[in-house]
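The values are calculated or read from the model by the stated rules, or taken from the named source; none is laboratory data. The structure displayed is predicted, hence computed values, not measured ones. Heads up, the Cβs are rebuilt from the backbone with ideal geometry, glycines too, and the neighbour counts pull from every protein chain shown.
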């Protein structure tokens with residue numbers, strides 16, 4: 001589900017429409033590009049009925065979770081794509097969910113100057129995420145052989161419902177439906193708090209820190225590239241940080257380059273320090289080559305959002321075929337697909353990919369709770385893909401990703 005948002009351009013003031021999960025704001029009027037950053041999840045408000053102003057009202061918070069939940073048990077790997085909006089304050093009368101309204105309406109970012117009061121979040125995000133997992137029937141407990149749970153490609157944001165107090169009742173500001181009578185509060189005070197500066201969205205110009213040229217990237221990208229000095233940059237807590245990246249050169253048939261996060265690490269709990277160790281411990285149906293004992297294990301995580309089954313298949317195939325990949329210097333070229341999965345998510349997916357790549361689950365799954373990574377390094381590697389009708393195919397590893405699946409993944 002994609003949610004449309006309206007935002008004023010920080011450079012020219014023009015109204016810009018973009019997707020709620022976008023990290024880059026591109027103004028079609030002045031051409032300006034800016035990274036969006038905040039110290040907390042982004043916060044939006046539903047528009048009032050009749051497009052009247054919502055300034056000065058009480059706003060009720062709803063936590064929106066969008067992502068894929070994976071569960072590893074001794075029986076295998078389960079997964080669900082979850083997209084849910086749950087109330088974050090148990091005030092009486094509030095609907096438990098916003099339903100389809102967020103996707104049917106254009107949201108507006110909350111305005112610190114509007115003088116609104118905000119009902120505080122009293123339910124922890126972890127509680128709401130646990131509820132999201134229960135919606136997807138992924139609530140296995142330790143007694144049910146739970147080995148690992150991961151939230152991959154997750155996106156958290158707050159959507160506020162405006163409330164109007166009139167005629168001795170509390171009304172839904174969007175539908176004008178009466179939610180409850182004031183006397184139903186039974187002496188309970190429904191009070192809000194003022195705008196918190198930690199919610200403020202900051203705009204960071206997308207200029208290359210190394211050469212000053214404009215960076216290139218789509219609205220949903222997590223990494224932008226500079227075509228002038230051939231560097232790559234991601235938005236971190238302190239601003240733009242350089243990304244170590246490489247490209248496996250293609251040939252005349254190459255039509256697309258897809259990004260993967262290469263996470264190189266040691267796993268002491270499984271006594272895995274090399275690719276050869278991994279092949280032996282995971283009981284792969286082939287013998288390790290002698291030179292693989294000197295090759296550090298790398299788990300390869302797709303740097304794009306994909307349907308869960310394809311995400312695991314693609315990562316598994318590249319992880320097992322990593323010895324065939326010899327990337328070169330990272331240089332900007334046509335048809336680089338945007339990185340839509342950040343490196344932080346790739347780190348969270350390492351245990352999951354380890355489980356997906358093993359040929360003997362009984363050797364790996366029970367040890368996942370004890371797995372701790374050491375000497376971790378990350379690289380962004382672009383691999384060439386060729387056009388095979390309905391699929392994009394990676395020649396070295398044989399990975400095949402449906403064109404529609406890749407397109408659909410950008411809305412996950």
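Test each condition in (1) in a loop (DSSP other than H, G, I, E, B); (2) touching a residue at least 24 places away in the same chain (Cβ under 8 Å); (3) surrounded by fewer than 21 Cβ atoms within 10 Å (Cβ to Cβ) for residue 94 and report the one that comes out false.
Answer for residue 94: the failing condition is (3).
Can you go through 136, 173 and tell me which one is at pLDDT below 80 and touching a strand residue (DSSP E or B) at 6+ places or on another chain (Cβ under 6 Å)?
When all the criteria are applied, what remains is 136.
Using the structure shown, decide if residue 318 is within 15 Å of residue 259 (Cα to Cα), in a loop (DSSP other than H, G, I, E, B) and under 23 Å from the mean Cα position of the chain (by Cα).
So residue 318 does not fit the description; no.
Provide a single number: the residues in segment 371-412 that are part of a strand (DSSP E or B) and in contact (Cβ under 8 Å) with a residue 40 or more places away in the chain.
Adding up the residues that qualify gives 17.
Is it the case that some residue within segment 76-91 is assigned by TED's automatic domain parsing to the domain that holds residue 196, assigned to a loop (DSSP other than H, G, I, E, B) and free of Cβ contacts under 8 Å to residues at least 40 places away in the same chain?
yes
Could you please find all residues in segment 20-51 being under 13 Å from residue 108 (Cα atoms) and exposed (fewer than 14 other Cβ atoms within 10 Å of the Cβ)?
51
Select from segment 341-364 the residues that are touching a strand residue (DSSP E or B) at 6+ places or on another chain (Cβ under 8 Å) and not in a helix (DSSP H, G or I) and list them in ascending order.
If the condition is that a residue be touching a strand residue (DSSP E or B) at 6+ places or on another chain (Cβ under 8 Å) and not in a helix (DSSP H, G or I), then 341, 342, 349 are the ones that fit.
Return the pair list, or none, for Cβ contacts closer than 6 Å from residues in segment 39-55 that are touching a residue at least 12 places away in the same chain (Cβ under 8 Å) to residues that are surrounded by 12 or more Cβ atoms within 10 Å (Cβ to Cβ) and assigned to a helix (DSSP H, G or I), at least 6 apart or on different chains.
Pairs that qualify, where the first residue is touching a residue at least 12 places away in the same chain (Cβ under 8 Å) and the partner is surrounded by 12 or more Cβ atoms within 10 Å (Cβ to Cβ) and assigned to a helix (DSSP H, G or I), are 40/199; 43/199.
If residue 166 satisfies all but one of (1) touching a strand residue (DSSP E or B) at 6+ places or on another chain (Cβ under 8 Å); (2) modelled with pLDDT under 85, what's the number of the condition it fails?
Result: residue 166 fails condition (1) only.
Please tell me if residue 73 is more than 26 Å from residue 198 (Cα to Cα) and touching a strand residue (DSSP E or B) at 6+ places or on another chain (Cβ under 8 Å). Please lay out each step first, then the result.
Values: more than 26 Å from residue 198 (Cα to Cα): yes; touching a strand residue (DSSP E or B) at 6+ places or on another chain (Cβ under 8 Å): yes.
The answer is yes for residue 73.
So, in segment 313-323, of the ones that are touching a residue at least 40 places away in the same chain (Cβ under 8 Å) and in contact with a strand residue (DSSP E or B) (Cβ under 7 Å, 6 or more places away or on another chain), which residue ends up nearest to residue 357 (Cα to Cα)?
315
With 372, 362, 347 as the choices, which residue is under 13 Å from residue 261 (Cα atoms), surrounded by fewer than 20 Cβ atoms within 10 Å (Cβ to Cβ) and assigned by TED's automatic domain parsing to the domain that holds residue 278?
347
Residues 64, 80: which one is surrounded by fewer than 21 Cβ atoms within 10 Å (Cβ to Cβ) and touching a strand residue (DSSP E or B) at 6+ places or on another chain (Cβ under 6 Å)? Quick ask: steps written out before the conclusion?
Values: 64 fails: surrounded by fewer than 21 Cβ atoms within 10 Å (Cβ to Cβ).
Exactly one residue qualifies, and that residue is 80.
With the checklist (1) modelled with pLDDT of 85 or more; (2) surrounded by fewer than 17 Cβ atoms within 10 Å (Cβ to Cβ); (3) within 16 Å of residue 57 (Cα to Cα) in hand, flag the one item residue 179 doesn't pass.
(2)
Can you find even one residue in segment 291-304 that is over 25 Å from the mean Cα position of the chain (by Cα), free of Cβ contacts under 8 Å to residues at least 12 places away in the same chain and surrounded by fewer than 23 Cβ atoms within 10 Å (Cβ to Cβ)?
yes
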